[in-house]
Amino acid sequence: MINRNDILKAVKEIVGNHLDKKLIIAGNWKMNMTISEGKKFLTEMEETVSANTILIFPPYTVLAALSTDFNKQNIHYGPQNFHYKKEGAYTGEISIPMIKELGCDYALVGHSERRTYYNETDEEINKKAHAGVKSGLNIIICIGENLTQRQSGEWKAILKEQIKKDLAEITWDMFSGISIAYEPIWAIGTGVSASSEEVKETHAYIKEVLKDAFGRTVRLLYGGSVNEKNALEIGSIENVDGFLIGGASLKPDVFKRIIDQVS
Ligand code: PGA
């Protein structure tokens, strides 16, 4: 029986041990990592060299504690969420000036966990997209359907709706600051990623919707159980411009192996 490592080796031989495109490889730490754990992680990442763009979205405390080290490594940092207003009476929120002061140049917007647990709407996500891009942040907007919507075939309509609402009134010149992460909710944290065929079909569809609606596309990341076993295969798929990685970004050796595989 042919094992997975042999297949990966063969793929690497064919593609010359690297993918012929520059990817964004983003780690979403969610509510994980204390400051000391975050520092340890980054010490172990120190030697990472990659032509790809490496991002980490840690909790705010880690973000602040690590800000002085931002420029020491080839890694960009950003928050997992932010408020679209500059300041005010919004208990528990954080604003763009606060995160920009730390040196952040990327931010995550509209993750499905924020949509599900904190009732974040497409309208709010759209406000964050406008505020983020206007302030010079590179934002990654997450979209994705749930299992019922995938199985019923509704997923195309759901994704189209999210794209239109999340990017409403975004003008051509603002597009360079935007990336989208397609994250099927049923693949997040389940250990079962979308199949290569599903990723291929869905990414092609999303790019087509963007082209039709706005006349141009954006970088399109895939997220949902990306790990060291499937990263090379998913990264090789047409229209996949990077990954948003949860669980597998929490261990420096695993995250590094993913980066190495596709670099
Ligand atoms: P996962 O999470 O890689 O653990 O599935 C992805 C995400 O939620 O961004």
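The values are calculated or read from the model by the stated rules, or taken from the named source; none is laboratory data. Please read all numbers here as calculations on a predicted model, not as lab measurements. Counting neighbours? That spans all protein chains shown, and the Cβs are built from the backbone with ideal geometry, glycine included. For the accessible areas, the whole protein counts, side chains as well, though only heavy atoms, and no ligand, DNA or RNA atoms are used. Shrake-Rupley method; radii C 1.70, N 1.55, O 1.52, S 1.80 Å.
For the range 132-149, putting each phi into the Karplus relation 6.51 cos²θ - 1.76 cosθ + 1.60 with θ = phi - 60° gives couplings of x, 5, 4, 8, x, 7, 8, 10, 10, 8, 8, 10, x, 9, 8, 5, 4, 5 Hz, in residue order, rounded to whole numbers and with x for Gly and Pro. Relative protection proxy for 254-260, 126-132, from highest mean packing down: 126-132, 254-260 (other beta-carbon atoms within 10 angstrom). The residues of the chain present an accessible area of 49 Å² per residue when probed at 1.4 Å with all protein chains retained.
With Rh defined as the Kirkwood radius, the inverse of the mean 1/r over Cα pairs, the Rg/Rh of the chain is 0.95. Relative to the Cα centre, the charge distribution of the range 98-241, modelled as +1 at Lys and Arg Cβ and -1 at Asp and Glu Cβ, gives a dipole magnitude of about 220 debye.
Roughly to the nearest percent, how much of the accessible area of the chain is carbon and sulfur, given a 1.4 Å probe? Taking all protein chains in place, the chain shows 52 percent carbon and sulfur surface. Where the centroid of each part is defined by its Cα atoms, how far is the range 87-138 from the range 193-263 in Å? A separation of 23 Å, based on Cα centres.
Around residue 175, what is the net charge, scoring Lys/Arg as +1 and Asp/Glu as -1 over all other residues with Cβ under 11 Å from its Cβ? That works out to +1.
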